[in-house]
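As C-alpha cells, the structure follows; a few thoughts come after it.
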Amino acid sequence: MELPTLTDEQCRRIVCIGESYQRLTGRPLVTAEGDPVQTLWSAPYAIVAHSTEAEPIFYFGNRKALELFEMDFDAFTHLPSRLSAEPLLREERAHLLESVTRNGIIEDYTGVRVSATGKRFRISNASVWNVTDLSGAPVGQAAAFADWVHLA
C-alpha cells in the first residue's frame with residue numbers, strides 16, 4: 001500500500017503527530033531519517049490521529065493501522081474515531097481521551113478496537129497524546145501501538 005496523495009494541510013497535520021510526541025517525551029516517534037510524513041506512514045507499528053471537532057474524525061492512519069482496521073486511507077480519514085471502539089467500550093475510550101487532554105500523554109493504554117469487517121483486536125502498551133502545532137494550538141490526538149492480538 002502506497003502513501004496516498006496528500007494536500008499541504010494534511011502533510012502539516014501529519015508532521016505535528018511526530019513533533020508533538022517528541023516534545024512530550026523527548027524521544028522520536030519514528031527513528032528513521034527522511035521525509036517525516038513518509039516515515040510515519042512506513043512505521044512498523046500502527047499510528048493514528050484524529051481531529052479536534054466535537055465528533056473527532058481520523059485524519060491519519062499509517063499503513064500498519066489501515067491493515068489492522070481493514071480500510072483504505074480515504075475511508076479511514078472519514079471515520080469518526082469513536083467508531084473504532086466497540087459500542088460497549090466507547091465510554092471507556094471517552095474517559096481515556098479526557099485523561100489525555102488533561103495530562104498531555106499516557107503511555108500504557110490497553111483497549112479493544114474493531115476493524116471495518118468486525119474483527120476485534122486488543123491493543124496494549126499504546127501511547128496516546130495530544131497533537132499540537134509548533135505554536136501550541138491543538139491539532140488533535142494521536143495513538144501509536146506495536147502490540148495487538150486478534151480476538152475470537
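Gap in Å between the Cα centre of the range 105-131 and the Cα centre of the range 1-69?
15 Å
Using a 10 angstrom Cβ neighbour count of at most 14 plus a DSSP loop assignment to flag exposed GluC sites (Glu not before Pro), which longest range of the chain is free of such sites?
Values: sites that count: 2, 33, 53, 70.
Free of exposed loop sites, the longest segment is 71-152.
Using only Cα atoms, what Kirkwood radius does the range 62-105 have, in angstroms? List each step's numbers first, then the result.
Details: mean 1/r = 0.0848 Å⁻¹.
Kirkwood hydrodynamic radius for the range 62-105: 11.8 Å.
Contact order normalised by length for the chain, with contacts defined as Cα pairs under 8 Å and 6 or more residues apart; what percent is it?
Details: 273 pairs, mean separation 34.0, N = 152.
Relative contact order, the chain: 22 percent.
What does the charge add up to near residue 22, with Lys and Arg as +1, Asp and Glu as -1, over the other residues with Cβ less than 15 Å from its Cβ?
Numbers: positive: 23, 27; negative: 19, 33, 107, 133.
Result for the local shell: -2.
Using a 10 Å cut-off around each Cβ, can you sort 12, 93 from fewest to most neighbouring Cβ atoms? Could the numbers behind the result be given before it?
Numbers: 12 13, 93 19.
Lowest to highest Cβ neighbour count: 12, 93.
Within 10 Å of each residue's Cβ, count the other Cβ atoms and sort 11, 16 from fewest upward.
Values: 11 13, 16 23.
Ranking 11, 16 by Cβ neighbours within 10 Å, fewest first, gives 11, 16.
Name the shape class, rounded, prolate or oblate, that the alpha-carbon gyration tensor gives for the range 28-100, where a ≥ b ≥ c are the square roots of its eigenvalues, rounded holds for a/c under 1.5, and otherwise prolate holds if a/b is larger than b/c and oblate otherwise.
Numbers: a/c = 2.05, a/b = 1.66, b/c = 1.23.
Taking the square roots of the gyration eigenvalues as a ≥ b ≥ c, the range 28-100 is prolate.
With the Cα gyration tensor of the chain giving a ≥ b ≥ c as the square roots of its eigenvalues, does the rule (a/c under 1.5 for rounded; else a/b larger than b/c for prolate; else oblate) give rounded, prolate or oblate?
Numbers: a/c = 1.42, a/b = 1.18, b/c = 1.20.
Taking the square roots of the gyration eigenvalues as a ≥ b ≥ c, the chain is rounded.
A short reminder: the numbers here are calculations on the coordinates, not readings from a lab. The model shown is predicted, which means the values in this text are computed figures rather than measured ones. As a convention, Cβ positions derive from the backbone with ideal geometry for all residues, glycine included, and neighbour counts pool all protein chains shown.
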